[in-house]
Each structure stands twice: as C-alpha cells, then as structure tokens.
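Scroll down for the structure; my scribbles are underneath it.
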Amino acid sequence: MRGDSFTRGASASGAVFRVECSDLWEAITLGSGNLGQSSRRDVRAKAHVAVAHRRGISSLLLGRAARSVLARASGQSVALSRFWPGRTDRLLIAPNDLRTVDATRASEIYAGRFVFAGKIVTSHGRSIFELDPPSEDWEANLLGFGWLRHLRAADSAITRANARSLIDDWISKPIRKRGVGWRADVLARRVISLLSQAPLVLNDADGKFYRRFLRSLTREIRYLRYTMVDIPDGVPRLQVLIALCYASLCLANQAKHIRTSSRKLSEELLRQLLPDGGHISRNPGALIELLPDLLPLRQTYAARNIAPPPALLNAIDRMMPMLRFFRHGDGSFALFNGMSSAPSGLLATLLAYDDTHGIPMSNMPHSGFQRLDAGNTAVIIDTGAPPPPSATPMRDVCRSNCHRAPAALWSIAAFPPPDATTGARSRAARRRIPRWSVTRPRHASSSSCPR
C-alpha cells in the first residue's frame, strides 16, 4: 500500500504525515540494496514518525467517535440508563433564580396559553410539546423551561401540580429527543431551570415522579458533558459550563465532577471576559445573560462550603462596573452589537449585588467603549473593532452591521434629575428636557438587512 493513502480523512496533522510517507516511499523505491547505513537509519526514523502520526490521528478520531456514542447513549431513555455510572439519587441544594417573575402568567400557562418571543400558542387540551412551534425563539423559550419561575411565584397546589404535569409530559414524549430542545444553550438553560425550580416541582411529589425527574435530569447533564466539543463559541459555551457546575454542586454522587467543571469554567471565563469586564462579543447583553447565573453560582459554592474559583469571583467583580457603565441615568441600557432591550427589573436586581455603587467609568479600553457624562446627559460611544465572528451569532452580526456607523455608534440619553421630595421626575422637567434612547450619526448607513 502506498504510504500517503494512510492520510485519507486527516486534517492539518495528516498533511505532515502525507509528506513524510511520500518521502519514505521514494526512498524505498530507490532499492534497498543501494541504500547506505545512514540512509537506512533515515528510513527507519521516518517510519517511526509516520507511525506516531498515524496513531495520533487514530486516537483523535476514536476519541471524537466515543464522545458522540456516549452522548447519544446518555440521551436515550432506555433501561440501560438505570445502571449508568454516576447515577444520582437525590437533590442536595437548589440555586436561586434572579430573573424577574410574573405570577399572573401562571394562570395563562394553566389555561394552556404559552406566550414567548411575541408569539401566542394555545394548546386546547393537547400536549404543548406536540404542537408545531411558530418560531425557533418561541420553541427555545418553551424547551428552556425558564417559565417555571412564574409558576413558582404563584406558589399554590394547582401550580405545583401543573408544573409536574408539564415536566412529566416532556419526559414521556419520544419526539423530544431531537431538534431545538437539545441545542447546547437550550439544554443548559433547561438544566439550570429544573435545578432552580426543583422545590416547586418536587414538593408534594411522589417517589415515582421524583426518580423519573432525577433520571431525566441526569441524562441531560451527561449529554452536555459529552458534547462539549460541538458547542459553539461565546455565551452558549459559558452557559453549558455554568450548567455543569450547577449539576456537580446540586446533585448527589457528582462531587467527582466539581473540580473538573470548576477548572473548565475558570479557563473559559478567563478567555471570554476582557480585563475591563466586557465580553469578547462586545455585546452588552452578554453581561445580562451571564450574571443572573454567575451570581447564584457563587452562592451555591458557599452553600456547599466550597471555595468558589478565583476566576469566578474576579469575573463578577469586573462585570459589575461594566454593567453600570452601559446603564443610562434613567435606567435604560445601551444597545450595541445586536443587543435587544433588557428588562429593567432584572437590571436593577443585578445592580443590587454591586457592593461598590460607584460612578461609571469613562473609558473601557479593552472592550472599545467610551462614556461622556455632562449634567443630565450621557453619551456612550462604540470605538472598538467589530467582534470576532466566532463569538457572535450570525443573526446578531447581521443586525449589528446594518446599524453600525463607519467609525462609531452613539447611545445618547438625556434625563432630568429626580424630584427631591418624591424621587420622581416632575412634569415640567419632562417638558423641558428631551430624551433619546439610541441615536446614530448622520453618516451611518440605514440600508436594509437580509432577514
């Protein structure tokens, strides 16, 4: 067999192997009788290198195939999962959920009306997981199970039974094994939501449902653990690592994964968070996505009497001033690089955890933003380079490029000072001082964006 045929399907390391095996073949074709002693030594050395490269390529391919097989096996609800190593038997602790809640939405969910991402779907007595989703964002919100916090806010026997019925319906549906529900960011959100809302779901539950709930949760955690290679870069990768840290801290028989999960999360935080607290995507919304999960994670470490990783503490300390940097005086949040509007209640909750309560900084050199404050007016300017494509979803890149000025994007807000007695703005002040949420320079392009 010709030597360079071994490199079929290999990548960059395979290219080196192809060249070396070709040289080896040319040396062999010269005839072994015409080779001197030094030439034979060179041939043997090249043969050893070729075999080493071949073993390395084989180990990489086998390792990737093994991880794929383990992920598929762990995601199947078969009897083998009962005897899978690392099976958990009980829940040790439930983390807090800092996201805002609305108890009135519990009655809508009980009536079968699910409102997510601007779309309304009514089940009419059917399983909500069997209906065709109106959009991908709606389906991601449904299968992320973040809406369980609204049922917990109502806190009644009916909402607890409704939550158990919906989760049991999700566990028993074979159609749930594919699609958006097993996307990395959606699966990570579902794991965090189920852990956070476990008191709602497991309170007054029987032993059979308790075991089914934990078996299903453990399968999803294993799927996340064995599919780390295929997770896209950016916020989704951090969300998966945060979910794995929560799983190792909150579930029994998972202590062996605490050190590994903490180390991987620390490495990813150091890589994705810039020294001034900004995210590599340069999207301020990444801070609002990550901090509601990082702050309870720090408390979960403390509740387990385990020292939080220093990288986690440093990341929170750097992100808090950056959060205050993007906040206008009227409570609104600056919009850059594809970010949509942020819930004001969630922003106020996050800032309540800021112990410094200092004034915003005027310069964020690593993230590429500048801030100017004069009286009641604040100007935030994007002066940095475009974010790396690997850390920015394509829909955000498109939205960002369509509204980006050639040099900078300005976010301007003017607001009156609060009334000294009531803390509210007076009507006269509102009439005198205008307010702008986001303004572009006149030379900015406003061309249409392909949808």
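Residue-by-condition table, conditions (1) in contact with a strand residue (DSSP E or B) (Cβ under 7 Å, 6 or more places away or on another chain); (2) crowded, with 16+ Cβ neighbours inside 10 Å; (3) not in a loop (DSSP other than H, G, I, E, B):
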{"position": "Asp317", "(1), (2), (3)": "no, no, yes"}
{"position": "Pro321", "(1), (2), (3)": "no, yes, yes"}
{"position": "Arg324", "(1), (2), (3)": "no, yes, yes"}
{"position": "Leu335", "(1), (2), (3)": "yes, yes, no"}
{"position": "His357", "(1), (2), (3)": "no, no, no"}
{"position": "Leu372", "(1), (2), (3)": "yes, no, yes"}
{"position": "Pro387", "(1), (2), (3)": "no, yes, no"}
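Yes or no, residue by residue, for (1) of a type in the set (Lys, Arg); (2) touching a helix residue (DSSP H, G or I) at 6+ places or on another chain (Cβ under 9 Å):
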| site | (1), (2) |
| --- | --- |
| Gly125 | no, no |
| Asp169 | no, no |
| Arg190 | yes, yes |
| Asn203 | no, yes |
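What are the residues in the range 337-351 that are crowded, with 19+ Cβ neighbours inside 10 Å and outside any helix (DSSP H, G or I), if any? Give the derivation first.
Residues of the range 337-351 crowded, with 19+ Cβ neighbours inside 10 Å: 337-339, 342, 347, 350.
Matches in the range 337-351: Asn337, Gly338, Met339, Ala342.
Is it fair to say Arg259 is more than 26 Å from Leu92 (Cβ to Cβ), part of a helix (DSSP H, G or I) and without any contact (Cβ under 8 Å) to a residue 24 or more places away in the chain? Before you say what the answer is, go through the steps one by one.
Numbers: more than 26 Å from Leu92 (Cβ to Cβ): no; part of a helix (DSSP H, G or I): yes; without any contact (Cβ under 8 Å) to a residue 24 or more places away in the chain: yes.
No.
Kindly check whether there is at least one residue in the range 180-192 that is in the same structural domain as Val235 (by TED's automatic domain parsing), among the acidic types (Asp, Glu) and in a helix (DSSP H, G or I). Yes, the range 180-192 contains a residue that is in the same structural domain as Val235 (by TED's automatic domain parsing), among the acidic types (Asp, Glu) and in a helix (DSSP H, G or I).
Evaluating Thr260 against the criteria (1) touching a Lys or Arg at 6+ places or on another chain (Cβ under 7 Å); (2) assigned by TED's automatic domain parsing to the domain that holds Leu187 leaves one unmet condition, (1). Against the conditions (1) of a type outside the set (Asp, Glu); (2) surrounded by fewer than 20 Cβ atoms within 10 Å (Cβ to Cβ); (3) free of Cβ contacts under 8 Å to residues at least 60 places away in the same chain, Arg215 satisfies every one except (3).
Is it true that some residue in the range 271-294 is more than 16 Å from Val191 (Cβ to Cβ), assigned to a helix (DSSP H, G or I), charged (D, E, K, R) and in contact with a helix residue (DSSP H, G or I) (Cβ under 6 Å, 6 or more places away or on another chain)?
First, the residues of the range 271-294 that are more than 16 Å from Val191 (Cβ to Cβ): 271-288, 291.
Then keep just the ones that are assigned to a helix (DSSP H, G or I); that gives 271-272, 285-288, 291.
Going one step further and asking which of them are charged (D, E, K, R), we end up with 271.
Adding the requirement that they be in contact with a helix residue (DSSP H, G or I) (Cβ under 6 Å, 6 or more places away or on another chain) leaves none.
No, the conditions are met nowhere in the range 271-294.
One residue is enough: does the range 126-138 have a residue meeting the conditions in the same structural domain as Thr218 (by TED's automatic domain parsing), closer than 30 Å to Ala255 by Cα and touching a Leu at 6+ places or on another chain (Cβ under 9 Å)? Checked against the condition, which is being in the same structural domain as Thr218 (by TED's automatic domain parsing), closer than 30 Å to Ala255 by Cα and touching a Leu at 6+ places or on another chain (Cβ under 9 Å), the range 126-138 yields no hits at all. Taking the options Ala352, Ala307, name whichever one is touching a helix residue (DSSP H, G or I) at 6+ places or on another chain (Cβ under 9 Å), aliphatic (A, V, I, L, M) and without any contact (Cβ under 8 Å) to a residue 12 or more places away in the chain. When all the criteria are applied, what remains is Ala307. Do we find a residue being modelled with pLDDT of 85 or more, surrounded by 13 or more Cβ atoms within 10 Å (Cβ to Cβ) and touching a His at 6+ places or on another chain (Cβ under 6 Å) anywhere in the range 105-123? Looking through the range 105-123, at least one residue is modelled with pLDDT of 85 or more, surrounded by 13 or more Cβ atoms within 10 Å (Cβ to Cβ) and touching a His at 6+ places or on another chain (Cβ under 6 Å). With the structure loaded, tell me whether Ala302 is under 23 Å from Ser266 (Cβ atoms), surrounded by fewer than 21 Cβ atoms within 10 Å (Cβ to Cβ), without any contact (Cβ under 8 Å) to a residue 40 or more places away in the chain and out of contact with any helix residue (DSSP H, G or I) (no Cβ under 9 Å at 6 or more places or on another chain) or whether it fails that test. For Ala302, the condition - under 23 Å from Ser266 (Cβ atoms), surrounded by fewer than 21 Cβ atoms within 10 Å (Cβ to Cβ), without any contact (Cβ under 8 Å) to a residue 40 or more places away in the chain and out of contact with any helix residue (DSSP H, G or I) (no Cβ under 9 Å at 6 or more places or on another chain) - is met. Looking only at the range 269-293, count how many residues are over 13 Å from Leu346 (Cβ atoms) and surrounded by fewer than 21 Cβ atoms within 10 Å (Cβ to Cβ). Counting residues in the range 269-293 that are over 13 Å from Leu346 (Cβ atoms) and surrounded by fewer than 21 Cβ atoms within 10 Å (Cβ to Cβ) gives 7.
The values are calculated or read from the model by the stated rules, or taken from the named source; none is laboratory data. In this text, all values refer to a predicted model and were calculated from it rather than measured experimentally. Note: ideal-geometry Cβ built from the backbone for every residue, glycine included; neighbour counts use all protein chains shown.
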